[in-house]
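Presented below is the structure to which this report refers.
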Amino acid sequence: MAAACAEMEPATEAAPPPSPVPPAAPGSAELVCAQGRNLKAVLCQRCGSRVLLPGAATFARRELLLPAMRKKAAAASGGGGGDLVREHWLVRDMFSFENVGFTRDVGNVKFLVCADCEAGPIGWHCLDDKESFYVALERVAHE
């Protein structure tokens with residue numbers, strides 16, 4: 001079962017825990033405060049539902065393969081094409097989310113989706129690590 005997380009990450013060795021790093025991509029700088037936390041609320045791109053409040057997550061870089069955006073039932077299958085995403089909001093406590101849903105297990109991974117419209121996956125959670133929930137910056141809006 002542990003191989004499922006490794007399959008999701010194209011790293012050759014076990015990756016160290018992500019640490020807050022300053023963003024390099026243009027546009028990301030205005031989203032991150034000096035402490036590495038989100039300055040703006042994180043919203044669903046499709047319906048505008050609030051996923052995270054400002055300050056609830058830390059900026060992290062980690063390469064993760066997420067399936068293409070679609071409804072929850074299709075996202076849970078994990079099949080089809082996907083996107084390699086590198087910039088994320090890292091949430092350490094699942095109760096920090098304002099509004100998020102989880103797919104059924106795909107191996108030992110759950111994908112994060114909008115709880116209102118079920119668009120996703122907007123993020124990723126490996127069941128081996130109970131304290132790391134990743135929300136891809138490119139899959140959400142900010143306000």
I'd like to check something: does segment 86-109 contain any residue that is open to solvent by less than 50 Å² (accessible area, probe 1.4 Å), under 25 Å from GLY55 (Cβ atoms), at pLDDT 90 or above and charged (D, E, K, R)? yes
Considering only residues that are of a type outside the set (A, V, I, L, M, F, W, C) and surrounded by 15 or more Cβ atoms within 10 Å (Cβ to Cβ), which ones fall in segment 29-44? GLY36, ARG37, ASN38, LYS40
I'd like to know if segment 53-64 contains one or more residues that are modelled with pLDDT under 55 and either open to solvent by less than 80 Å² (accessible area, probe 1.4 Å) or in a loop (DSSP other than H, G, I, E, B) (or both). no
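Per-residue answers, yes or no, for (1) of a type outside the set (D, E, K, R); (2) assigned to a loop (DSSP other than H, G, I, E, B); (3) modelled with pLDDT under 90; (4) open to solvent by 40 Å² or more (accessible area, probe 1.4 Å):
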residue	(1), (2), (3), (4)
THR12	yes, yes, yes, yes
PRO18	yes, yes, yes, no
ALA24	yes, yes, yes, yes
LEU66	yes, no, no, no
ALA75	yes, no, yes, no
If you check ARG70 against the conditions, is it open to solvent by 40 Å² or more (accessible area, probe 1.4 Å), within 12 Å of the chain's Cα centre (by Cα) and at pLDDT below 95? no
Give me the pairs: first residue in segment 94-112 and without any contact (Cβ under 8 Å) to a residue 60 or more places away in the chain and at negative phi, second residue of a type in the set (S, T, N, Q) and open to solvent by 50 Å² or more (accessible area, probe 1.4 Å), beta-carbon distance under 9 Å, and six or more apart or on different chains, which are they? THR103/SER77
Please count how many residues of segment 120-139 are surrounded by fewer than 20 Cβ atoms within 10 Å (Cβ to Cβ) and not basic (Lys, Arg). 6
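Show me the strands (runs of 3 or more DSSP E) entirely contained within segment 97-143 in which 2 or more residues are touching a Phe, Trp or Tyr at 6+ places or on another chain (Cβ under 8 Å). Spell out the reasoning first.
Working: elements: 109-113, 123-126, 133-136, 140-142.
Per the criteria, 109-113, 123-126, 133-136.
The values are calculated or read from the model by the stated rules, or taken from the named source; none is laboratory data. Everything numeric here is computed off the predicted structure, so don't read it as measured data. Glycine also receives a Cβ, built like all others from the backbone with ideal geometry; neighbour counts cover every protein chain displayed. Please note that ligands, DNA and RNA were not included when accessible areas were found on the heavy atoms of the full protein model with its side chains. Shrake-Rupley method; radii C 1.70, N 1.55, O 1.52, S 1.80 Å.
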